[in-house]
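The values are calculated or read from the model by the stated rules, or taken from the named source; none is laboratory data. Note that this is a predicted model, so its numbers are computed, not measured. Backbone-built Cβ (ideal geometry, glycine too); neighbour counts: all protein chains shown. Accessible surface is based on the protein model in full, side chains and every heavy atom, while ligands, DNA and RNA are left aside. Shrake-Rupley method; radii C 1.70, N 1.55, O 1.52, S 1.80 Å.
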Amino acid sequence: MNHPKILIKGFSKFSREQRVEFLNQWLNENVQPELDAFLHSNAEYQQAFAGFSENYLSNFYLPMGVVPNVLVNGDWYVVPMVVEESSVVAAASRMARFWAENGGFKTEVLGTEKKGQVHFTWKGDGYYLRSIFPAIAKQMRKDTEELTRGMKSRGGGIKKIELKDYTQQLPAYYHVDVSFETADAMGANFINSCLERMAETLDAKLNAHPEKGSCEVLMSILSNYTPQSKVKCTLECPVEALEKISGNYKPKHFAERFRMAVEIANHDVSRAVTHNKGIYNGIDGVVLATGNDWRAIEAAGHAFAARNGSYRSLTEVKISKGIFRYSLTIPMAVGTVGGLTKNHPLAQFSLKMLQNPSAGRLMEIMAAMGMANNFSAITSLITTGIQSGHMKMHLPNILNQLGATERQKQLAMEYFADKKVSFSAVKKYIDGKV
Ligand code: MEV
């Protein structure tokens, strides 16, 4: 490696050409063709992609797939998913169809409120702080009017401003908890701008009387934990209707095995994380396709899964009087306007495919896809096992990795149609050792 062995200053000011040249030297080879191969031929798109990230080099492609037959609250959807795990779209499609034939996904938005915080220390009279705070909150609303005007006209804005005293946990530490409605926007920039403005008000008001104490604002930032912005998705059918997917098990036995699988995820963190990961397989694909923030959505969901002190399944199952009922309750903050949803041409296309949903509707569709994937995963796990389907979907990737020719690929697909796929089995086949 050809690292200059000195700190590189001003790297972000390099042009793309300079960054590529830097990498040529760093790797001691010309990497320009590899990077250029994925630039977009449409100059306008290319410019948009380059604008999404600092130190931009090239575009990183992921496949975009589509899941038909998604029936949510009686409305049909064709759902876009961007995901690299080959079996995810297949699993979602299989279960979307199954549930479309069995009543569909029933969803309900349980709230869309988001929160932000101004964290600060107050070294002074706590009674004074509490007594003056309502006046400060009023002033905060006034000082943010310019920022909230547009949001208010769309039905959003600041809902609540509260002072929280954490001095028992951390000396002198308080924060201001602010609740927001952000209409169809995810609202991160709106929330953070309001909070920073509110922090200025707080600082000015509290430090106006030094004899009462001193305030130091530490930080102002939205919270990605969104338990007040939540969606519930329920699946329900007679146990007998599960026969179509229950494999070698009688539907009643299948339902019991399913219940046990979910219970295990309620008692064992190792299983719970994997169980919930299967839910996010479905959700993240739609989050990415619509240009939303999957890190925020995942972080909120995992914290929510641990809200009672131990990390558990995000789903619940009940079997009663011959009815199988499976539900998912999940927090999420999504937008259908603003940010990448607007700037990424394919995010715009995804929203068009979804008939330009409101943020609430998008939450419902995402929850449905999370359920579809998790239901599919549990069904496979307790019947055939996950690997047969998963590895079949992965076969083309293995063949590509092994550098198989088109003819070899075709023959291998036929050969493995009724056989177990594994990397070693495929390698043996390609090497002519079977
Ligand atoms: C794989 O991406 C997801 C699963 O592991 C989920 C699960 O185990 O429930 C199959």
I'd like to verify a number: residues in segment 142-166 that are under 26 Å from the mean Cα position of the chain (by Cα) and either over 16 Å from GLY338 (Cβ atoms) or open to solvent by less than 80 Å² (accessible area, probe 1.4 Å) (or both), how many? 6
Considering each of ALA241, ALA265, ALA296 in turn, give the residue that is of a type in the set (A, V, I, L, M), within 13 Å of the ligand (Cβ to nearest atom), assigned to a helix (DSSP H, G or I) and in the same structural domain as GLY338 (by TED's automatic domain parsing). ALA265
If a residue must be open to solvent by 10 Å² or more (accessible area, probe 1.4 Å) and assigned to a strand (DSSP E or B), how many such residues does segment 113-141 contain? 7
What's the total number of residues in segment 337-358 that are open to solvent by 10 Å² or more (accessible area, probe 1.4 Å) and assigned to a helix (DSSP H, G or I)? 9
Test each condition in (1) on the phi > 0 side of the Ramachandran plot; (2) open to solvent by 70 Å² or more (accessible area, probe 1.4 Å) for GLY291 and report the one that comes out false. (2)
If the requirement is being of a type in the set (A, V, I, L, M), surrounded by 15 or more Cβ atoms within 10 Å (Cβ to Cβ) and modelled with pLDDT under 95, which of these qualifies: MET186, MET198? MET186
For segment 328-384, which positions are of a type in the set (S, T, N, Q), away from the ligand (no atom under 16 Å from the Cβ) and at pLDDT 95 or above? THR329, THR336, GLN348, SER350, GLN355, ASN356, SER358
Contacts under 7 angstrom Cβ, first residue in segment 77-103 being more than 16 Å from PRO63 (Cα to Cα), partner among the polar types (S, T, N, Q) and within 16 Å of the ligand (Cβ to nearest atom), 6 or more apart: ARG94/SER376; MET95/SER376
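Okay, residues lined up against (1) of a type in the set (A, V, I, L, M, F, W, C); (2) touching a helix residue (DSSP H, G or I) at 6+ places or on another chain (Cβ under 6 Å); (3) surrounded by fewer than 17 Cβ atoms within 10 Å (Cβ to Cβ):
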residue: ARG312; (1), (2), (3): no, yes, no
residue: ILE378; (1), (2), (3): yes, yes, no
residue: GLN387; (1), (2), (3): no, no, yes
residue: GLN401; (1), (2), (3): no, no, yes
